[in-house]
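Q: Supplied in structure tokens, the structure appears directly below.
The values are calculated or read from the model by the stated rules, or taken from the named source; none is laboratory data. Remember, it's a predicted structure, so these values are computed and weren't measured experimentally. All Cβ positions, even for glycine, are placed from backbone atoms using ideal geometry, and neighbour counts span all protein chains on display. Just so you know, the surface numbers come from the protein's heavy atoms only, side chains and all, with ligands and any DNA or RNA stripped out. Shrake-Rupley method; radii C 1.70, N 1.55, O 1.52, S 1.80 Å.
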Amino acid sequence: MTAVAQPGALPGMLSFPAADAVAMPPAPSFGEVVAACRARGELVVQPRMGFADPVRMRQGLLATRGARAATVGTITLDSYTRVGDHDAVSRALAAGADLNGYPLVDVEASATGRMLADVLTPAFPVQVRHGSADPRRIVRTLLERGLHATEGGPVSYCLPYSRMPLGTAVEHWRRACEMLAAARDHGREPHLETFGGCMMGQLCPPALLVALSVLEGMFFHQHGVRCISFSYAQQTHPGQDEEAVAALRRLIRRYVPDARTHVVIYTYMGVFPRTAGGAHALIAESARLAVRTGASRLIVKTTAEAHRIPTVAENVAALEHAAAVASDVDARARITDTGIFAQARALVDNVLALDDDLGRALTAAFARGHLDVPFCLHPDNAGRARGHLDRDGRLQWQRIGAMPLGDLVTVPATEPMTSADLLDALQYVQRTYDDRFDTHRPYITPTRTWESRMTTTPLDSSITAGQRPPGTRAHLTSPVTQAALRIQNAILAGSREYLSTLGFMEMMPPIIGPVTDPGVRGAKQIDVDFYGHRYKLMTSVILYKQASLLAFDKIFYVAPNVRLEPLETADTGRHLVEFTQIDVEVANATREDILEVVQGLLRHIVTYTLRESKADLAALGRDPDVFEALLREDFERIGHPAAVAHLRRLAHLQSTDAEIDWEGERLISEQTDRPFFIVDYPKGSRGFTDGESRVEPGVLRNFDLIAPDGFGELCSGGEREYEYRRLIERMRETGENPAKYTWYLDLAREGLLPSAGFGLGLERVTRYLAGLSAAWQANAYPKLPGIVSP
């Protein structure tokens, strides 16, 4: 059939087949279809699928309907629609840009009608999924388009996804419920699904998930909705999940006895396994959970979840995999009561006692901290509660705040959770399933793994003072070099994992430019003939990091740098001519903000490397206990004047007006067993990009991170100068010619963002973690100052 342009087709997208007329099809009842499948003993499986192109969306729905499984359809909306930025949707559509979901509100009704034509059948309804704290326009539009099923809730779509006041979201959801309830007068039974059982995706103890799911369902019922599904997201322990779903079903019967209800399970909503084997196993476990607990429906993820938006084919494969597993499960769960039902009931009853109107009661409960979601940063959430994983992988309360659980929960006497602990807990499921079920682990062959090549005798990585690298062959075939480079690979992987978890965008760094960072002490720059213009090899990408914030708020590079360091640095063990930095920059951040990022990053790197490079660290004789203080305690911050005074007490004549010199850096590093920051360098000691304090003129808002045990500086950074006038002043003060920096100053004149950032030396961190004598041992092709080498 030939595709032709149709009125209402999206610009730049595929068109639909020509049709004489498009009529909105009558929508089958969502709740009745699920109930019918349940009566036949079939688990309904459903994708999380949404495409901007109506043709692709239609193909996805038809493929879902044609899967070898009992299915219902999903239309997931785009992020702009979710937050109500309809102008942005219109601009994207006009430009032919792709969106991360279907723009239901802003696409013409006729286009949606053609998309749904012949898709909906009496056995195949479609649910709209959106994530909006204000769903009024979405609900009105979906009803106008002939649909009647959606999901969310006043708490679960407000606190994690918006900064809208909870009371406002409650009112918006009340109106949305009333619109859905009114649709019953037109012969349709609307369906609404709670999202409260999926709150924050992970690390929320199950009793609170159950209570929020029940409370949102009761809110829907109070405002007229009579067909409701109650959600619960798979968590970290199958037995605990089974107990939680059993508690959810009991509470539904108690509090919402006169509605058509069912339970919907979500495949794990947190950090997903990265391997196909791990992902398949986790999806299968969610299907078993659904069947064993009597749930009627399962929201399924795919093996692509950890990597990208899945294709239609990957969605269908996941649905069929889940359905096949579900069809082979016949045993009901044997529930061990650990108190989840009692905790959830106490939370629900406490809310109900606050006000007859559930919306007001929910708002009051959060205001008083009687409901408190761990790790949720919304202003209306108290933030005093914390969850943690016990040794069996069960989610337990570490702190309960003001929630009425004091007589039901024994809070453990544990140390507060650190950022490293948090990241470790967030990755527990991913790590567990990848380790247990990955049958295709990369870089390892069945016959000869790198562990099998490791010598059982500890490798000697020590070198004599001033020792130079051996020849290329000897260096690359050295077991020490190979172990160091594998550790370096883990450091990079851990860095990317941590930064991507925090929402950073990795960008490719420039290698040459008209200018480079001038603030490198004593090092010379290398000129390059760029078509008759004199360019520089990058000594640092700091200027480009500031510019990159015009595109993204949080960025990082893995950036190569070249500096012709002074000859006397060849023997420090810390200097290379060619080296790599993990360069990070954050818009609108202060130095204090960026110090937290540095500390969290290094802790995560250490935790990740200790886990992934255990054999190599052992082979190099590196004792993991040397990192205990780093992982346990915050990094101390000392001012530059205090550091100078300390060095003078050690008989080292450190200048008060300069950076800590190389010998002083080594001496002060040897005085401690944990990393620490030196802050507040004097103006004039660093380049013009380091921001000067507005309240202490002459003091720079910068820092160095010093590793213990003589390893010296790992990282430098701070706040940046960004205002045109101040940059000109600082350039002149440091002897720089502003005319060289035209492109950069043009950006500053038009407006750069305030920011803070840092550069973490990759070879230096590798040297520290591996316990190497020199940074060149962590570089495949090392180039030392004054030493000519390949």
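Q: Using just the Cα positions, wrap the stretch 553-662 in a convex hull and report its mean projected area in square nanometres, one decimal place.
A: 10.0 nm²
Q: Can I ask one more? Helix 30-39: angle to the longest alpha-carbon principal axis of the chain, degrees 0 to 90, nearest 10?
A: 80 degrees
Q: Which three lengths, in whole Å and largest first, does the stretch 496-618 cover when its Cα atoms are put on their principal axes?
A: Between the extreme Cα coordinates on each principal axis of the stretch 496-618 lie 48, 40, 26 Å.
Q: With a bin width of 10 angstrom, please list the P(r) values of the stretch 113-219 as percents of all Cα-Cα pairs, from the 0 bin to the one holding the largest distance.
A: Answer for the stretch 113-219: a P(r) of 14, 44, 30, 11, 1 percent.
Q: By how many nm would the segment from Ala182 to Arg332 grow when fully extended, if each residue of separation counts as 0.36 nm and the alpha-carbon distance is taken off?
A: Full extension from Ala182 to Arg332 adds 50.2 nm.
Q: Cα atoms only, the stretch 215-368: Rg and Dmax in Å?
A: Rg and Dmax of the stretch 215-368, Cα atoms, are 17.3, 49 Å.
Q: Something else now. For Thr472 and Arg534, what is the calculated FRET efficiency with R₀ set at 41 Å and r taken between the beta-carbons, to the nearest 0.05?
A: Working: r = 32 Å, r/R0 = 0.77.
Here the calculated transfer efficiency is 0.85.
Q: Over 19 Å apart: what share of the alpha carbon pairs of the stretch 146-279 falls there, rounded to a whole percent?
A: Tail fraction, whole percent: 50.
Q: If you stretched the chain out fully between Glu723 and Tyr781, how much longer would it get, using 0.36 nm times the residue separation minus the C-alpha to C-alpha distance?
A: 16.9 nm
Q: Which FRET efficiency, nearest 0.05, do Ala123 and Arg496 yield, Cβ-Cβ r, R0 41 Å?
A: Here the calculated transfer efficiency is 0.35.
Q: Continuing with this model, one more query. Using the Cα centre of the chain as the reference point, and only Cβ charges (+1 on K/R, -1 on D/E), how large is the resulting charge dipole? Debye, rounded to the nearest 20.
A: Using Cβ point charges on Lys, Arg, Asp and Glu, the chain gives about 1480 debye.
Q: How large, in percent, is the carbon and sulfur part of the accessible surface of the chain at a probe radius of 1.4 Å?
A: After summing per-atom areas, the C and S share lands at 51 percent.
Q: On to the next question. Heavy-atom accessible area per residue, the stretch 468-618, 1.4 Å probe: how many Å²?
A: Value for the stretch 468-618: 41 Å² per residue.
Q: For the stretch 629-695, with every protein chain kept in place, what is the accessible area per residue (1.4 Å probe, Å²)? Let's see the in-between values first.
A: Details: 3110 Å² over 67 residues.
Each residue of the stretch 629-695 exposes 46 Å² on average to a 1.4 Å probe.
Q: Over the alpha-carbon set of the stretch 35-114, work out the extent along each principal axis and list the three values in angstrom, largest first.
A: That works out to 47, 23, 19 Å along the principal axes.
Q: A follow-up question, please. Distance in nm between label sites at Ala109 and Leu352, each 7 Å beyond Cα in the beta-carbon direction?
A: 4.2 nm
Q: Taking just the alpha-carbon atoms of the stretch 61-169, what radius of gyration and Dmax come out, in angstrom?
A: When restricted to the Cα atoms of the stretch 61-169, Rg and Dmax are 14.6, 44 Å.
Q: If R0 is 35 Å, what FRET efficiency do you get for Ala39 and Leu550 from their C-beta distance, rounded to 0.05?
A: Computed FRET efficiency for Ala39 and Leu550 comes out at 0.05.
Q: I would also like to ask the following. Return, for the Cα atoms of the chain, the radius of gyration and Dmax in Å, separated by a comma.
A: In order Rg, Dmax, the Cα atoms of the chain give 29.7, 92 Å.
Q: Here's something else I'd like to know. Per the Kirkwood definition applied to all pairs of different Cα atoms, how many angstroms is the hydrodynamic radius of the stretch 471-517?
A: Result for the stretch 471-517 stands at 13.6 Å.
Q: Quick one: angle between helix 640-649 and the longest Cα principal axis of the chain, in degrees between 0 and 90, rounded to 10, please.
A: 40 degrees
Q: Only bridges whose two residues both fall in the chain count here: according to DSSP, what percent of them are antiparallel, nearest 5?
A: On the way: 47 of 82 bridges.
Taking every DSSP beta bridge within the chain, about 55 percent pair in antiparallel fashion.
Q: Just the accessible area per residue of the stretch 175-268, please: how many Å² with a 1.4 Å probe?
A: Per-residue value: 26 Å².
Q: Divide the volume of the convex hull of the Cα atoms of the stretch 655-748 by its number of residues and quote the answer in cubic angstrom per residue.
A: With only Cα atoms used, the stretch 655-748 gives 109 Å³ per residue.
Q: OK, next. So how far apart, in nm, are the two label points at His646 and Asp623 if each is 7 Å from Cα heading toward Cβ?
A: It is 2.2 nm.
Q: Taking the Cα atoms only, what angle lies between the long axis of helix 479-501 and the longest principal axis of the chain, rounded to 10 degrees?
A: 50 degrees
Q: Give the Rg/Rh ratio for the stretch 633-790, taking Rg as the radius of gyration of the Cα atoms and Rh as the Kirkwood radius, to two decimals.
A: Numbers: Rg = 17.6 Å, Rh = 17.4 Å.
Radius of gyration over Kirkwood radius for the stretch 633-790 works out to 1.01.
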